[in-house]
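Heads up, the thing below is written out as structure tokens.
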Ligand code: ASP
């Protein structure tokens, strides 16, 4: 028996008990005749005491030689501590050690195994197994476990069956590049790793599984933006014989269950917002509605004067910053530089101060009088003491810019509170999205998404205006899930592929299996997938997903611990019938 108890469970109730503990040496304090050692395992820390009077000199000498992170086993008696530590669950006691076994020595770790470590991100990732010993990472992984357990409980109770789908498949279009795997047995042929199990879960519906879920890895070879991982985890779900309302209810139920069980938070029925409204009011399809600052469109009240910048703009739009009139000129200048950064890309920012006496002072007083400025305040819902910030230009661009500014200001003003949860559904996404680069329409969600009833015809005349039976679940400004009601008949699916620029041959080549299946009685179906990593991070009150993933990759898609990706040897290449053509 390695241990009778763990390092987090001994209390005053155990005083005078003989116990055996095992764990890592967190730190020690040596007074010569007495040595204290903090022993740590997953469950906590127990203080060990080696005392020359009460045990032996020999044992003290052994204790003095212990290094940080040595793995040891100790036997001893639980005694009351002279100076208690109320911050530690085991703070009332210590273990008077009578026997010490060193199970394994340890090199000095390259960073301190403390909550606030001296190790930077890179070194922590290289020695992730040491990082995992630290509370913040350990607790995040335990938290993730709790979330996934609750997901499984909830969905199983609701009649969902967890089914595994294969990883070695062929392309599933979710809008990213595929990771591919060469097939040794089929020279010159490649599997693609799933960007999602989309087609398989639809086939499971054709197969009559009715309610499916899977906590599953997905792989997308994207240029990595901050806080994205090339492999990530979804809670992937699909249901048959349902309409959109059933899906929204089922997964609102799951989300509400998680908020309650994991966070102890009860949330009202989730609001629903049309995609068009989200874009108009927040410039964004994943609005953070924990705070206001809704957009006010100002074309009508700003385009009648000699101010060319506004007159020539497709959209003039502003937000009221609560209490922003207290910003100094310097602070406002800083905001202006912020919106002009290339990452945001605005050309400038107009502002109007809303004074407490009801008057206004704007950066464009030359062109606009008090009546005009009052209208701006009204349109943006600004109160005395606020600051109205206005951007103008191309509609899509300016919305994105003002949305970025809104989030930045909310961050600065402390309006994005991590313990506040504001979920909502964003509904009726456009079916298609124009891609400037390829000069083609792409499926905004994926090509299996059905258009809203009666809108199929519109595809011919005004494809960009067609709305889809597609919805996203948004939490605190993050998309945590998304899905759609699917097309379930061969003809519509073929039409859809056609509109998306697939030739019938290409469609057959890539998705023939799905179209075939649709000929054998496909039930109406739909579903959604949650991004588990992000969901867990948000429920955990964090913005970054990395510490909720045991072994994440860095921003260049590398695992710096195992050093992957890596070259393979010539023999392996030959076996796979591959020849490299590297550009040096
Ligand atoms: N497969 C979709 C995705 O990964 C989710 C869905 O439509 O169910 O975004």
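Along the Cα-to-Cβ line of residue 152, 7 Å from the Cα, sits a label point; which residues in the range 205-219 have backbone N less than 15 Å from it? Output list for this probe position: 213-217. Across the range 495-537, the volume of the C-alpha convex hull divided among the residues equals 126 Å³ per residue.
Can you give the Kirkwood hydrodynamic radius of the range 79-173 from its Cα pairs, in Å with one decimal? Every distinct Cα pair counted, the radius reaches 18.5 Å. Mean projection of the Cα convex hull over all viewing directions, computed for the range 97-144: 4.8 nm².
When the inverse distances between all different Cα atoms of the range 27-141 are averaged and flipped, the Kirkwood radius reads 15.2 angstrom.
Could you work out the relative contact order of the chain? I mean the mean sequence separation of Cα pairs under 8 Å and 6+ apart, divided by the number of residues, in percent. If you can, show how the numbers build up before the last one.
Working: 1107 pairs, mean separation 74.9, N = 584.
Taking the mean separation of contacting Cα pairs over the length of the chain, I get 13 percent.
With a Förster radius of 30 Å applied to the beta-carbon distance between residue 340 and residue 419, the computed FRET efficiency rounds to 0.35. Test of understanding: extend the Cα→C-beta vector of residue 108 to 7 Å, then name every residue of the range 14-43 with backbone N under 17 Å from that spot. Hits in the range 14-43 for residue 108 at 17 Å: 25-30. Computed over every Cα-Cα pair of the chain and binned at 10 Å starting from 0, the pair-distance distribution P(r) comes out as 3, 13, 19, 20, 19, 14, 9, 4, 1, 0 percent. A Cα-only calculation for the range 299-364 places Rg and Dmax at 12.9, 37 Å.
Computed with the Debye formula from one identical point scatterer per Cα of the range 147-287, without solvent, the log10 of I(q)/I(0) at q = 0.13, 0.18 Å⁻¹ comes to -0.76, -1.24.
Extension gain for the segment residue 141 to residue 87, taken as residue separation times 0.36 nm less the Cα-Cα distance, is 17.2 nm to one decimal.
Using only the alpha carbon atoms of the range 1-66, find the Kirkwood hydrodynamic radius as the inverse mean reciprocal pair distance, in angstroms to one decimal.
Taking every pair of different Cα atoms in the range 1-66, averaging 1/r and inverting gives 12.5 Å.
Label-to-label distance, residue 563 versus residue 4, with points set 7 angstrom from Cα along the beta-carbon direction: 4.7 nm. Which parts of the range 439-454 would a label at residue 245 reach, counting a residue when its backbone N lies under 16 Å from a point 7 Å out along Cα-to-Cβ? Answer for the range 439-454: 453.
Ranked from highest to lowest mean number of other Cβ atoms within 10 Å per residue, what is the order of the peptides 467-476, 515-524?
On the way: 467-476: 23.8, 515-524: 15.0.
For the peptides 467-476, 515-524, the packing ranking is 467-476, 515-524.
Write down Rg/Rh for the range 107-220, rounded to two decimals, with Rg from the C-alpha atoms and Rh from the Kirkwood relation over Cα pairs. Don't skip to the answer; put the middle values down first.
Details: Rg = 19.8 Å, Rh = 17.6 Å.
Answer for the range 107-220: 1.12.
With helices as the sole contributors, the chain gives -8500 deg cm²/dmol at 222 nm; each DSSP H run of n ≥ 4 counts as -39500 (n - 2.57), and the sum is divided by every residue.
Coordinate-derived values only; no laboratory data. All of these numbers come straight from a predicted model, not from anything done at the bench. Positions of Cβ are backbone-derived with ideal geometry, glycine not excepted, and every protein chain shown enters the neighbour counts.
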